[in-house]
1. List LYS53, LYS79 from most exposed to least, where exposure is judged by having the fewest other Cβ atoms within 10 Å.
2. Neighbouring Cβ atoms within 10 Å as the yardstick, rank VAL230, VAL191 fewest first.
3. For the range 25-36, just list the computed ³J(HN,Hα) in residue order, Karplus coefficients 6.51, -1.76 and 1.60, θ = phi - 60°, integers in Hz, with x standing in for Gly and Pro.
4. What FRET efficiency would be calculated for the residue pair ALA120, ASP34, taking the C-beta separation as r and a Förster radius of 35 Å, to the nearest 0.05?
5. Across the range 103-195, how large is the tail of the calculated P(r) beyond 16 Å, expressed as a percent of all Cα pairs?
6. Can you work out ³J(HN,Hα) from phi for every residue in the range 168-175, in order, using Karplus 6.51 cos²θ - 1.76 cosθ + 1.60 and θ = phi - 60°, giving whole Hz and x for Gly and Pro?
7. Picking from GLU176, GLU206, GLU193, which is most flexible by a Gaussian network model of the chain using Cα springs under 10 Å?
8. Search the structure for amide H atoms under 5 Å from the amide H of GLY189, placed 1.01 Å from N in the peptide plane, and list their residues when 5 or more places away or on another chain.
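Since every read-out is calculated from the coordinates, none of them should be taken as a lab result. Quick caveat, the model's predicted, so the values are computed rather than measured. For neighbour counting, all protein chains shown are included, and Cβ atoms are generated from backbone atoms with ideal geometry for every residue, glycine included.
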Amino acid sequence: MTSVQTGKRGGSRRVIYKAMNRPYTFINVAATADGKIDTFERKGAAISSTRDKARVDELRAGADAILVGGKTLLAEQPKLTVKSEALREDRVRRGLSPNPIKVGVVSAADISLESDFIQAGPARVVIFTTAQTSISQLETLRAQGVEVFVHDEPRVDLSRMMQTLDEIGVRRLMVEGGATINFELLRLGLVDELTIYVAPMIFGGEGAPTLAAGAGLTRSEAIPLKLTNVERHEDGGILLKYLTDHRR
């Protein structure tokens, strides 16, 4: 059975679907008109407008946790914190931590303890990894206060990960990339909603990442989406909101 709760978070309507022993999960990305989420340099090129950055901050403030995949975690070392002091204070007034839980998914968690992912906060930090991470690194991370879950498989079992997130109290999960984790979550039917800010620019580049990467799907296996909202921004950008097929 699915239950729905509504409320206010960060000035926007909060919707929680409690189903299938996992959080309600939404992917949020900014992409160029040609579908790129970064340049070929893969250094985290700015795509969002000022208005879109404020929207993303509200989404973060309304989430219980924010998740990134291994490439994003290791290459960009994102802070994943709420930038607005007012939004952080609102979370505290509601009995929450100032920032959502940070979740990293990486086969080998060779992340520096000085990384913003670990240090920026205050925030609870959770990493899902595999036996490819050395025992000494696991001990080091845990000594730093990082909660580490180790899966025996060659790659993190994303369905099992979702169950664990549900068990630790994550009801609304925001996914901020990258392309590989986006694709795998979509492929496994673990995503409920997809929001894409399409910026009025072109990056090009065969090596530039797109919204979803991975092995890819045939046309008959394509993941259907339902467009639920289109919003035009004054900068020429467009905000697209989709539900995945099982939410239609």
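1. Details: LYS53 14, LYS79 17.
Exposure proxy ranking, most exposed first: LYS53, LYS79.
2. Values: VAL230 10, VAL191 24.
In order of increasing Cβ crowding within 10 Å: VAL230, VAL191.
3. In residue order, the calculated couplings are 10, 10, 9, 10, 9, 10, 9, 7, 5, 9, x, 8 Hz.
4. On the way: r = 32 Å, r/R0 = 0.90.
After rounding, the FRET efficiency stands at 0.65.
5. Working: 2414 of 4278 pairs.
Here the tail beyond 16 Å accounts for 56 percent of pairs.
6. Karplus-based 3J(HN,Hα) across the range 168-175 equals 8, x, 7, 9, 10, 10, 9, 10 Hz.
7. Ranking GLU176, GLU206, GLU193 by mean-square fluctuation puts GLU206 first.
8. none
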